[in-house]
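Taking it in order: structure first as structure tokens, then the write-up.
The values are calculated or read from the model by the stated rules, or taken from the named source; none is laboratory data. Keep in mind the model is a prediction, meaning the values are calculated, not measured. Every residue, glycine among them, receives a Cβ derived from its backbone with ideal geometry; neighbour counts consider all protein chains shown. All accessible areas refer to the heavy atoms of the entire protein, side chains included, with ligands and DNA or RNA removed. Shrake-Rupley method; radii C 1.70, N 1.55, O 1.52, S 1.80 Å.
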Amino acid sequence: MKIARVIVDVPAFQTDRPFDYEIPEKFEHMIEKGMRVIVPFGPRKVMGFVLEVADQTDLKHLKPIDDVMDLTPVLTGELIELGKWIREQTLSFHITAYQVMLPQALKAKYEKELECLALEEELSDELKPLFAGRSVIPFAEIQEKQIPYRKVQEAIKDGLVEVHYIVKSKETRKKSTWVKPAKDLHQLEEALEDFSPAAKKQRAIVEFFIEHKDAIPLKQLLDTLHTTRQTVQQLMKKGLLQTFKKDEYRDPYNNREFIQTKPKELTGEQKQAIKPIEESIVNEKHDVFLLHGVTGSGKTEIYLQTIEKVLKKGKEAIVLVPEIALTPQMVQRFKSRFGADVAVMHSGLSPGEKLDEWRKIQRQEVKVVVGARSAIFAPFQNLGIIIIDEEHESSYKQEDNPKYHARDVAVFRGQYHRCPVVLGSATPALETYARAKKGVYRLLTLSRRINNQSMPEVEIVDMREELHRGNRSMFSRSLQEKIQERLSRKEQIVLFLNRRGYSTFVICRDCGHTLQCPHCDISLTYHRKQERLKCHYCSYEIPMPGRCPECYSDTIRYFGTGTQKVEEALQLTFPEARIIRMDVDTTRNKGAHERLLAEFGHRRADILLGTQMIAKGLDFEHVTLVGVLAADSMLHLPDFRSAEKTFQLLTQVSGRAGRHELPGEVLIQTYTPEHYTVELASKYDYEQFFYKEMQIRKKFQYPPYYYLALITVSHPNQIYTIEVAQRMAKMLNSRLSGQSKVLGPTPSPLLRIKDRYRYQCMVKYKVESKLQMTIKRILQVYEEDMQKNDLQIVVDFQPYHLM
DNA sequence: AGTACGAGCGCG
DNA sequence: GCGCTCGTACTT
């Protein structure tokens, strides 16, 4: 008897281990490790992943596997190992680690049904209206129709009705009709002679098949021959054609044409940089490279050419791009070079589209995947290279469980496949650059732009000075002049506004009362369109009040600089300018992002005003001015990475100007022009910034000098939360080595969210073999309270956000 | 997580 | 003695 070790779809501490099941004979030759199965678990049925097929078990009685959900495994042996590793690293559950690797559409859906086994007349009076002639009903109807559950239980006991647990895959397949000849060539030709002269269309179709003889989608056939379904039907009646259904891929890039591009001639610097990567590929050696190249230095061309090398070896490539930079422009570059060999994965795709792209990878129909974070789990089996573009981007760290970093997963997979990992950035994360300096990663530098263009000039404007001179607008005089200049020259402008730290809160000018969320410690944000105030952390919202709820004054106003407000001010100052605004609000709809960019690209607007999302990857020929409206809005947030993030952002934004013939210019407005971050960013001096910032990190014992683990406790009762956090800190202190530093408990920067108080402990450590164990122990101690008492303990290793 | 089951309590 | 509620232990 064969036995399957299965991880069941129940995310809980107690069930986070393999369970053994008997493989029934009928499945013996079907079930392989990595497949999804349906198993009985207690009284119900759940989905599970087969981790292993074994011959022996310690248990006497095993339940048999109920059903198999896959024909081929969805997890490769490598991914199974990777899942175990992720669980260890992030202290998550097996099941969570595996679920995150697969497209959402493969997640199991559970349904409960009630079947009537007896005749309806035999049921008790209460149950009679339930079935109404049907033999099976959804279980939920019991509640809907308010039928006492006790009566149902009785009926179950008496064997009159039965509960069924059903596990379904959300997976849907799109089918399409195809047509193919039903006879061979000669028979078709013979048949033609019998056609009446009037049957022109029928004749054309048969002639088409004589020429092509392959199957073709019905829709395509009708389109090319300008005919209708009825004509085809006639031919089917004559037995000349037949139709069949075929799985179709939903291809989001179906209707687009990509013009094949050829590898470009590399500059001397690029050649230098590409050489060691290619050596790793040839020698099948795992190395991590940091490709540190200024914006416009041709990193992408290096990616493309190394991938070409990999493909020639018959291997595959993963390219990660930050979600926000996964623009049509970027996709275009890969599709143009590698054509149909490319799958694309990003959040803009529908679940069905994502599944189809994933299937292409699974079936080895593509060789390259370009995608956001989760594409790192692409089920390739012969990886030849992993590339992470803009490796410093915080979106590579997953915010919910499992809280993994794509960079770490990339290194795991690189080691497994003995292939290089390339981290590319103009402004590497400090951790990464420090590792490169130490020799852990191999540093490759591109210091010049291709064609030796210089980086655009940067002007820093001191906004305090502006204010002193009586300019109270959010545009400095210099910026206004420059915008006017561009407008008259018909050139384009990109204005960047960092919204963080500038949310539009509402304040009473009379008494100074600000409107807060009653469930969270945060100001409500004003949404102009709906005239409502909303909380960004919970779903609380109220209509904008006409009077201050405290002092009843009518001088209540909204403050802050949102993109909407800037847009209005901008339009007032430059009435003739055509403005496109890009932020979460204007890009919410599917395809809006792409559409707005295309509009700007076709010069149907003069100014592109936007948030983070326009900072990356944009490349427009006629943009000659980039303005940063408030460079330091993010510099003073309570986050040790705020300087690093600001430097990265300023550098990136600056890179949007003057990428082509026309020279570009950058203007940065700031209230702290003397800050090293602003100053060094304006000089594009990453190296200096690195040293300066490293000194600060060392002084305050932050990464890369120390690793961090952030443990957040939350509960509706503040006293209890503090108690737990204190006990936790004690446990950490007593169990960890003296080398590590335990900070806290401290109130989280956002003390209360959704009526829960939040306190945190931070562990700073260099080597701490007992850390995982200790935190596991803490979680064990509070396991019960977490299950029953609404206590939450969240652990984040190497956190990005300390909130 | 979801469920079954047992201890403890109220009522007849 | 039975029925209800709540806490607990278990799922292969």
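Structural remarks
- Straight-line cross-link reach from residue A:170 at under 20 Å between alpha-carbon atoms covers these lysines, not counting any fewer than eight positions away in the same chain: A:45, A:107, A:109, A:112, A:246, A:354, A:360.
- Sequence ranges A:625-636, A:45-56, ranked by mean other-Cβ count within 10 angstrom, highest first: A:625-636, A:45-56
- Figure legend: label point modelled 7 angstrom from the Cα of residue A:801 along Cα→Cβ; residues of segment A:622-652 with amide N under 15 Å from it are A:637-642.
- Table column - 3J(HN,Hα) (Hz), segment A:114-121, Karplus curve with 6.51, -1.76, 1.60, x for Gly and Pro: 10, 10, 8, 8, 8, 6, 4, 5
- For chain A: Kirkwood Rh in Å [reciprocal of mean 1/r, alpha carbons]: 30.9 Å
- Solvent-accessible surface ranking, highest first, for A:178, A:358, A:85 at 1.4 angstrom: A:85, A:178, A:358
- For the pair segment A:174-227 / segment A:657-678, the C-alpha centres are spaced 63 Å from each other.
- For residue A:395, the solvent-accessible surface with a 1.4 Å probe is about 40 Å², rounded to the nearest 10.
- Label-zone membership for segment A:651-676, site residue A:453, 7 angstrom Cα→C-beta point, backbone N under 12 Å: A:655-665
- DSSP bridge pairs, chain A: antiparallel proportion in percent, nearest 5: 60 percent
- Descending semi-axes in whole angstrom, ellipsoid equivalent of segment A:280-328, from the Cα gyration tensor: 21, 14, 11
- Unsatisfied cross-links (Cα-Cα over 22 Å) in the set A:33/A:770; A:645/A:776; A:490/A:529; A:645/A:698; A:275/A:437; A:437/A:698: A:33/A:770; A:645/A:776; A:490/A:529
- Protein-only accessible surface order, largest first, of A:593, A:417 at 1.4 Å: A:593, A:417
- Inter-label distance for residue A:156 and residue A:110, nm, one decimal - labels placed 7 Å from Cα along Cα-to-Cβ: 1.3 nm
- Each pair of Cα atoms in segment A:3-109 enters the Kirkwood radius, and Stokes-Einstein at 10 °C and 1.306 mPa s then converts it into a translational diffusion coefficient of 115 µm²/s.
- The ratio of the alpha-carbon radius of gyration of segment A:19-173 to the globular-protein estimate 2.2 N^0.38 Å is 1.30.
- Using the Cβ-Cβ distance between residue A:687 and residue A:438 with R0 = 25 Å, the FRET efficiency computed as 1/(1 + (r/R0)^6) comes to roughly 0.95.
- Approximating the spin labels as points 7 Å out from Cα along Cα→Cβ, the residue A:264-to-residue A:790 distance works out to 5.8 nm.
- Over chain A: helical MRE at 222 nm, DSSP H runs n ≥ 4 each giving -39500 (n - 2.57), nearest 500: -9500 deg cm²/dmol
- Per-residue extension of 0.36 nm, minus the Cα-Cα distance of residue A:58 and residue A:169, leaves a gain of 36.8 nm for this segment.
- At 1.306 mPa s and 10 °C, Stokes D of segment A:114-162 from Kirkwood alpha-carbon radius, µm² per second: 152 µm²/s
- Whether segment A:468-557 is rounded, prolate or oblate, judged on the alpha carbon gyration tensor where a/c under 1.5 counts as rounded: prolate
- Using C-alpha pairs below 8 Å separated by at least 6 residues, the relative contact order for chain A is 9 percent.
- Compactness index (Cα Rg / 2.2 N^0.38 Å), segment A:505-559: 1.03
- Working ranking of peptides A:466-475, A:293-302, A:786-795 by packing, defined as the average number of other Cβ atoms within 10 Å per residue, highest first, is A:293-302, A:786-795, A:466-475.
- Rounded accessible area per residue of segment A:62-127, 1.4 Å, Å²: 44 Å²
- Rolled with a 1.4 Å probe across the full set of protein chains, the surface gives residue A:691 an accessible area near 100 Å².
- Estimated FRET transfer efficiency when R0 is 25 angstrom, pair residue A:332-residue A:364 (beta carbons, to 0.05): 0.55
- Mean Cα-pair separation over length for segment A:3-109, i.e. relative contact order, pairs under 8 Å, 6 or more apart, %: 30 percent
- The convex hull defined by the C-alpha atoms of segment A:174-248 has an orientation-averaged projected area of 4.7 nm².
- Potential extension, residue A:511-residue A:727 segment - 0.36 nm per residue separation minus Cα distance: 73.6 nm
- For the pair residue A:478 and residue A:699 in one chain, pulling the backbone fully straight at 0.36 nm per residue adds 75.7 nm over the alpha carbon distance.
- In segment A:599-656, GluC sites (Glu not before Pro) in a DSSP loop with at most 14 other beta-carbon atoms within 10 Å: A:621
- Candidate cross-link partners of residue A:699 among the aspartates and glutamates, defined by an alpha-carbon separation under 20 Å and a same-chain spacing of 8 or more, comprise A:431, A:639, A:644, A:687.
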